[in-house]
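Since every read-out is calculated from the coordinates, none of them should be taken as a lab result. None of the values given here were measured: they were computed from a predicted structure. Every residue, glycine as well, gets a Cβ built from its backbone with ideal geometry; the counts of neighbours run over all protein chains shown.
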Amino acid sequence: MLIRSFLPMALLPILAVATSSLASGDEKSPPNVVFFLVDDLGYMDIGANNPDTFYETPNIDRLSKSGMRFTDGYAANPVCSPTRYSILTGKYPTRVDATNFFTGTRPGKFRPAPLNNRMPLEETTLAESLKSSGYATFFAGKWHLGPSEEYWPEHQGFDVNQGGHNAGGPYSGKRYFSPFENPRLEDNTVGEHLPDRLAKEASKFIEQHKDEPFLTYLSFYSVHTPLMAPPELVKKYKAKAERLGLTDKEAFGEEEKLWGKAEWEGRPVRHLQSHATYAAMVEAMDQAVGRVLKQIDDLGLTEETIVILTSDNGGLSTSEGWPTSNLPLRGGKGWVYEGGIREAFMIRAPGVTQPGTTCKEPVCSIDFYPTILDLCGQSPPAERIVDGVSLKPLLRGEQTIDRESLYWHYPHYSNQGGFPGGAIRQGDWKLIERYEDGRVHLYNLQEDIGELNDVADQNAERVAAMRDRLHRWYKDVDAKFLQSKDGEEPWHPSRD
């Protein structure tokens, strides 16, 4: 009665609702986060991006339809470890010289740039940020962000670590089948398939923490080599390839060669999706995604859980079994062409995203960290450098974000044949700069997504402006470049 005597009558219903919610503890809880990271998955490997794909990804496709799919989503680097660093920190990996997979140091005409092979413990990771605000945090799968135990997930903000250590693939034990002999994953049933096991562990964690906010970070070893899959699925896709008349006689084209066997005039690149074992690996991974999504649904958590899926680099098309084709994208893993850096990239944020929407704005793996924090009602620590931006405006349906350019820096000779180089994307335009000799190429991705028509000579002013911006970014992130070899000096932007 005392309150009523001092408040206008129009405010009483509002106060009643507010005090009732507070009294009942009915405040909105922070959303849960489930992050799927697939290793080496190509942009064209999923039905959501490619209705004609040879592979079958019904669960990923349903996830895409339930949220927003980004058509121009990128990894920060054409190989794994740097992109993984960018996701967890929101930074360009060049800032700490994490510019190749840990520890890739292949020489070529010149020596590669210096490489830092660990994510610094001083970083405030996504897991640490969410854990500090009461989230339970879980990691499963491939880590590959440090050479020794002190750099593994449990020391970077994750309460639980199932399978994450220094290795870049399942190279111990029976590899994709138990016994795994993984120092962070207990062997259970003999013959257990690794992606299914990781999904089981993720689902169990979600069940155990369904009544509190959680981060579940499922980082598949799939579909990285070794190329192995359940025999019944391999048999299915061999029959499918035969039924469709797909043969390896028509499967390959030619890419430029930087190094490789002398008898090759160029580097073979797969132009046809028909590899049965790889197809089986993709489907098995998709089934594991489906298992976790079903757990979310079964527990009634769908409307309380942000779900994200992406890859760490493009599909493997130019070496190591040549398992997939990225066409019409050029190149693949290890290349700064679109096939190496354009990724499956989707976000479902209940109450923010509309089902079945797409966005053409260029976005990058550096954006996940600030986006997730923003969706969870947080901001990155004020003292931290964050290169990414929150994608929440795009998720709400706005058309653009406040950013002019995206950048890539890969001063290494990739295992897949890719050349050392950098790139900048502005709008529809992408400029590539080669680090051996400083040559540049310019492509209009709207008209030439395959990067086959270099228009640098016809656009001298645009090339100069984009190159100047790229070089200023090199200075901002303290980029390192190729080093001399046998008395010969490589190109360097300071001498250009």
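Which FRET efficiency, nearest 0.05, do residue 131 and residue 439 yield, Cβ-Cβ r, R0 51 Å?
Numbers: r = 46 Å, r/R0 = 0.90.
It comes out at approximately 0.65.
Name the long-range amide H neighbours of residue 39: under 5 Å, sequence gap of 5 or more, or other chain; modelled H, no Pro or chain starts.
When sequence neighbours closer than 5 places are left aside, the close amide H contacts are 220, 222, 223, 224.
Report the full-extension gain for the segment residue 212 to residue 244: residue separation times 0.36 nm, less the Cα-Cα distance, to one decimal in nm.
Numbers: separation 32, 0.36 × 32 = 11.52 nm, distance 4.85 nm.
Roughly 6.7 nm would be gained on extension.
Where the only charges are on Cβ atoms (+1 Lys, Arg; -1 Asp, Glu), what is the dipole of region 32-403 about its Cα centre, to the nearest 20 debye?
720 debye
Quick one: grab the alpha carbon gyration tensor of region 231-339, order the square roots of its eigenvalues as a ≥ b ≥ c, and give me rounded if a/c is under 1.5, else prolate or oblate depending on whether a/b is larger than b/c.
Judged from the Cα gyration tensor, region 231-339 comes out oblate (a/c at least 1.5, b/c at or above a/b).
How far is helix 194-208 tilted, in degrees, relative to the longest principal axis of the Cα atoms in the chain, given as a value from 0 to 90 rounded to the nearest 10?
Value to nearest ten degrees: 20.
What is the set of long-range amide H partners of residue 343 at a cut-off below 5 Å, with H atoms built 1.01 Å from backbone N?
For residue 343, the qualifying residues are 73, 74, 75.
Could you calculate the FRET efficiency of residue 174 with residue 478 from 1/(1 + (r/R0)^6), where r is the beta carbon distance between them and R0 is 56 Å, rounded to 0.05?
0.85
Restricting to Cα pairs below 8 Å that are 6+ residues apart, what does the relative contact order work out to for region 32-403? Please round to a whole percent.
29 percent
When only C-alpha pairs under 8 Å and at least 6 residues apart count, what is the relative contact order of region 86-217, in percent?
Computed over region 86-217, the figure is 21 percent.
Check cross-link reach from residue 210 to the aspartates and glutamates: straight Cα distance under 18 Å, and skip same-chain residues fewer than eight apart.
26, 27, 159, 201, 297, 298, 303, 304
Short version: ³J(HN,Hα) in whole Hz for each residue of region 324-336, in order, from phi by Karplus 6.51 cos²θ - 1.76 cosθ + 1.60 (θ = phi - 60°), x for Gly and Pro, what are they?
Listing the rounded values in order: 9, 10, 9, 3, x, 6, 8, x, x, 3, x, 10, 8 Hz.
How much FRET efficiency would the formula 1/(1 + (r/R0)^6) give for residue 485 and residue 232, where r is the Cβ-Cβ distance and R0 is 51 Å, rounded to 0.05? Don't jump to the answer; show the numbers that get you there.
Details: r = 49 Å, r/R0 = 0.97.
After rounding to 0.05, the efficiency reads 0.55.
Using 0.36 nm per residue, how much length does the chain from residue 103 to residue 492 gain when fully extended, once their Cα-Cα distance is taken away?
Result for the pair: 137.7 nm of gain on full extension.
On average over all directions, what projected area in square nanometres does region 141-213 have, based on the convex hull of its Cα atoms?
4.9 nm²
Of the trypsin sites (Lys or Arg not before Pro) in region 224-309, which ones lie in a loop per DSSP and count no more than 10 other C-beta atoms within 10 Å?
Values: sites: 235, 236, 238, 240, 243, 249, 257, 261, 270, 291, 294; in loops: 257, 261.
Counting only loop positions with at most 10 other Cβ atoms within 10 Å, the trypsin sites (Lys or Arg not before Pro) in region 224-309 are 261.
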